[in-house]
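Written below as structure tokens is the structure these notes are about.
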Amino acid sequence: MMDMIYARWLLIKRQLPKILLWLILPLLFTLAVISVFNSTSEDFRVPSAVVVHENSTEADLFIEGLNSSEFMDVEVFDGENSGAALRELEQYNLDSVFILPEDFEEKIRGGQRRNLIETYYTDRSIYYEPAKELAASLVQERMGEYTTVDYVLELQNDFLTETPVNKEDIAAERKRIETDTNLVEQVFYFLGEPDNGEETPGLNPWIVWAYITFIVTIFTFDFVTRETVSSARIRFNFMKHSYTKFMLLTFVIMTTVMLIVDGITYVVIKETLEADISLLSLFMYRIIINGTAFLLASFVKSPVKLYQAAVALTIALLALQLVMPVIVSLTGLSLISSLHPVLMFLENELNIPWFILIAVLMLIRIWRDNNAGG
Amino acid sequence: MLEVNSVNKSYGKRHVLDNFSMSAEQGEIIGLVGENGAGKSTLLKILATLSKPDSGALYLNGKPYKKYFKEHRKLIGYVPQDIAVWEDLTVIENMKFFQKLSPAKKSVQELKALLNNIQLSRHDTKVSKLSGGMKRKLNLAISLINDPVFLLLDEPTAGIDLKSRIEIGEFLKTHAKNNDTLIIYTSHDMNEIKEVCDRVIVIGKDSFYRELLADYIK
């Protein structure tokens, strides 16, 4: 055993810098992608403007409502500078402009929604429609509140004069009911299963890691292709250890090293990006992709073909993941998604079918090599 | 020591070896000649246990190949036509690598001595930086790590300079004599065959090599 380990060390030591780079690349790439994605998500807000002709509570609430949305960045202009806001719009520095009239609060209180807000947009205003919908809903909400208050007060005056209720009480009660009953909360579903209600993450770091690890692992095993097609392989027929045995030991060593790196990756991603995954699922995923990479590297005739196969397989897996919901809905067989190794990993499941397949292929290869020659 | 009885080998419809028989004793150096495609390399691969004959029987030290091929491999040294070494490693690293996996145990000093015997002194040079002649010498040296009693060489001097060719030839003669090793090797160079070999076997039906051989014997 030690002889084989020493021999492997001799053969691989010159490739160590490259292999080490491949080993840490998935973690670095994942951290970089998530960092860029998060900063882009935070930065990507549609610039809009609100022109205010009066300083009123309703105007402030309207601006606050627009700003609280995830996609809008609202700039406030006073009435005298409405021209400046429109110029910004003409120069495409703003996506849309909302002009609140001088009697905005009065009209809200009075329920006069017709032509309440003047809006401007351009042929490049891609977020105008959702912004307009948001503005309309904010106005509707405020008007609804006033209508409710007026209606309840009217009822009180007519029937409940012994228990006086004021406007603030009614508004507060309306707010409490809205919060308690989650009137605006949406329940998300994924592949037929309801979400646990937690905040939906932007981009799961483990998806990024799973794909980059898949392709990089195949790249890492390119030395298997080089050694398998090398003329020197013929000499193993005269050695005390067969080439198959030597390469299986290599597989075990590489998998052990990669599992250690995966352990470090797990801790880093969990701590820095707060994304968890099942350790058993991570272990199984590593075994499966290493087995796939090893068999593929043993099968192809040149490293270039291995790289091509790696890219093609990664794209195929990614495409399959994207169309999986459609396939499942068309066929009604949610079991199909169980055949996708990355999906199974992300769903914290043990990928038994792929594990058995890889194990069988490995055994076939060992059996075939042991019976060669003579 | 070696006995080959009526060996046949075909690739599809093409007969490469047709009832080929021979025998050889320890210490002999036998040259195999014949035109390209006559079956020299095929015969060497069969003798090296790397390929199976379609029919016929082979014996090494009285033991049949069919049953004892794994045991025979420990006694055989095979020098393939391609340079079967790791290009990224140095000369001595190549020797260490194959020594570690070989059934025989040899110290680094013994490996260096083997290289020196074959006049390959650049132990710490990367193989990719060696000349063709040096690579051929290393190719041979690696095959000798397990002290084979039966050495098979497939065109061991192909494409190298005259000096290296002579050095390899001299080394093989000395090695066969000192170690009582049976050596069979192929070459297209009749001068080399004449210089090195005790006996020549012509493979194939082409008469060119038979006539050439007859001229040399005269």
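What follows draws every value from the coordinates through simple rules; no lab data is involved. Fair warning: this is a prediction, and the values are worked out from it, not measured in the lab. A quick note on method: Cβ atoms are made from the backbone with ideal geometry, for glycine too, and the neighbour counts reach across all protein chains shown.
Key figures for this structure:
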{"quantity": "Beta bridges by DSSP in the stretch A:45-185, antiparallel share as percent, to the nearest 5", "calculated": "25 percent"}
{"quantity": "Rounded to the nearest 20 debye, dipole of the protein assembly as shown from Cβ charges on Lys, Arg, Asp, Glu", "calculated": "7440 debye"}
{"quantity": "Residues of type lysines that A:Lys167 reaches as a straight line, Cα spacing below 25 Å, ignoring anything fewer than 8 places off in the same chain", "calculated": "A:Lys107, A:Lys175"}
{"quantity": "Sum of side-chain charges, A:Asn370 neighbourhood, beta-carbon under 12 Å (Lys, Arg +1; Asp, Glu -1)", "calculated": "+3"}
{"quantity": "Karplus (6.51, -1.76, 1.60) ³J(HN,Hα), θ = phi - 60°, over the stretch A:93-104, in Hz, Gly and Pro reported as x", "calculated": "7, 10, 8, 7, 10, 10, 10, 8, x, 5, 9, 4"}
{"quantity": "Leading residue at positive end of dipole, chain A (Cβ point charges), from A:Leu346, A:Ser69, A:Leu249", "calculated": "A:Leu249"}
{"quantity": "Amide H within-cut-off set for B:Val16, under 5 Å, with H built and near neighbours excluded", "calculated": "B:Lys9, B:Ser10, B:Tyr11"}
{"quantity": "Chain A, relative contact order [Cα under 8 Å, separation at least 6], %", "calculated": "16 percent"}
{"quantity": "HN-Hα J in Hz across the stretch B:23-33 - Karplus 6.51, -1.76, 1.60, θ = phi - 60°, x for Gly and Pro", "calculated": "9, 8, 10, 4, x, 7, 10, 10, x, 9, 10"}
{"quantity": "For B:Leu153, residues with placed amide H under 5 Å, excluding near neighbours", "calculated": "B:Val79, B:Ile184, B:Tyr185, B:Thr186"}
{"quantity": "Under 22 Å from the Cα of B:Lys100 - lysines, other chains or at least 8 residues apart", "calculated": "A:Lys13, A:Lys240, A:Lys245, B:Lys70, B:Lys74, B:Lys112, B:Lys126, B:Lys135, B:Lys137"}
{"quantity": "For the protein assembly as shown, with +1 on Lys and Arg beta carbons and -1 on Asp and Glu, the positive-most of A:Ala319, B:Leu111, B:Ser187 along the dipole", "calculated": "B:Ser187"}
{"quantity": "Cα pair distances in the protein assembly as shown, grouped into 20 Å bins until the bin that holds the longest one, percent each", "calculated": "15, 31, 22, 14, 11, 6, 1, 0"}
{"quantity": "Dipole magnitude of chain B about its Cα centre (Cβ charges: Lys, Arg +1; Asp, Glu -1), debye to nearest 20", "calculated": "680 debye"}
{"quantity": "Of the DSSP H helices in chain A, those whose Cα atoms cover at least 18 Å axially and whose Kyte score averages 0.5 or more", "calculated": "A:16-43, A:205-220, A:243-273, A:279-299, A:303-331, A:352-370"}
{"quantity": "Gaussian network model of chain A, springs between alpha carbon atoms under 10 Å - residue of A:Glu54, A:Glu168, A:Glu129 with greatest fluctuation", "calculated": "A:Glu168"}
{"quantity": "Estimated dipole of the stretch A:45-185 in Debye, rounded to 20 [Cβ of Lys and Arg +1, of Asp and Glu -1, Cα centre]", "calculated": "300 debye"}
{"quantity": "Amide hydrogen neighbours beyond the local backbone of A:Val76, cut-off 5 Å, H modeled", "calculated": "A:Val50"}
